[in-house]
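Down below is the structure, laid out as structure tokens.
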Amino acid sequence: MYKFDNVKLSHRNCSWNTPMRLLQSLTRGLQALDFLSDQSEAVRLIDVAKALGIKKSNASHLLKTLVASGYAKQMKNRRYQASGKLLNRRHHHTFEEVIDCREAWKPVLEHMVRDLGECAHMAVLVKSRVWYIEKIDSPLPLKVDHPIGTLAPLHCTALGKAFLAFGHGVPEDPLGSYTPKTITSRALLEKEIATTRDRGYAVDNEEFDLGIRCVARPVFTDIGKMITAIGISGPTVRIDDSRIVEIGEVLKEITLNSHKKDGT
């Protein structure tokens with residue numbers, strides 16, 4: 001599993017046994033930041049108050065502070081959303097880190113293609129899109145063609161849904177329609193994201209390209225941050241519902257075993 005060589009935790013910069021006095025206002029502010037960053041769309045003031053278990057007036061002060069400091073923004077409909085400043089600081093990965101992850105996982109993708117017979121992809125998050133950074137072709141004549149460098153939406157691709165469910169992706173607004181099966185309702189997308197989290201993998205059921213299905217899983221660093229998504233794609237004539245489940249379980253086993261090998 002990919003590791004950050006430049007991230008080290010030691011007793012010199014982390015103390016687990018020393019009692020400390022927590023600042024309640026700072027704690028609440030960080031809780032509000034966590035809540036906003038975990039949402040795929042803007043939320044109401046009352047939503048923040050309920051999530052934190054505080055009064056609306058206190059939630060209002062917290063959100064105004066976050067907006068003033070640039071870590072949140074208030075939309076025209078008076079709802080709140082995490083800003084790019086927050087997302088960039090908390091979830092950004094360097095080019096070198098992404099390349100290291102790609103090189104570490106390429107043999108795994110090749111192995112999956114040999115075993116499953118379908119095309120494998122790896123993608124990273126770029127704003128409201130996924131960017132394909134690796135592709136291993138299927139040996140079969142009928143196969144998926146999403147070349148390296150392709151940019152695709154989050155809400156209608158399995159790789160993109162993996163970032164929505166397990167990472168910090170924010171879908172485009174409004175949700176674009178690419179096929180008759182594309183989810184264009186925010187409510188239905190939220191339901192799909194919840195289902196994805198429950199089963200442990202994301203599915204694209206002909207939502208980006210007709211005749212193509214894809215299954216994807218997140219890849220995390222050893223400190224728990226999602227850095228890429230990996231997926232298996234193929235034509236619907238070969239990938240039926242039972243095949244989707246099979247591929248999903250294979251992806252889960254591979255990614256979970258990679259964490260175990262690294263002690264995570």
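The values are calculated or read from the model by the stated rules, or taken from the named source; none is laboratory data. What you see is a predicted model, and the numbers here were worked out from it, not measured in a lab. Note: ideal-geometry Cβ built from the backbone for every residue, glycine included; neighbour counts use all protein chains shown.
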Next on the checklist: For E134, only one of the following conditions fails: (1) in contact with a Lys or Arg (Cβ under 6 Å, 6 or more places away or on another chain); (2) more than 13 Å from I230 (Cα to Cα). What is its number?
Outcome noted: (2)
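Out of the residues in the stretch 222-236 meeting the condition of being among the aliphatic types (A, V, I, L, M) and modelled with pLDDT of 95 or more, tell me which one is nearest to F163 (Cα to Cα).
For the stretch 222-236, the residue satisfying everything is A229.
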Checklist entry - Within the stretch 192-203, is there a residue that is at pLDDT 95 or above, in contact with a His (Cβ under 7 Å, 6 or more places away or on another chain) and under 30 Å from S83 (Cβ atoms)? => result no
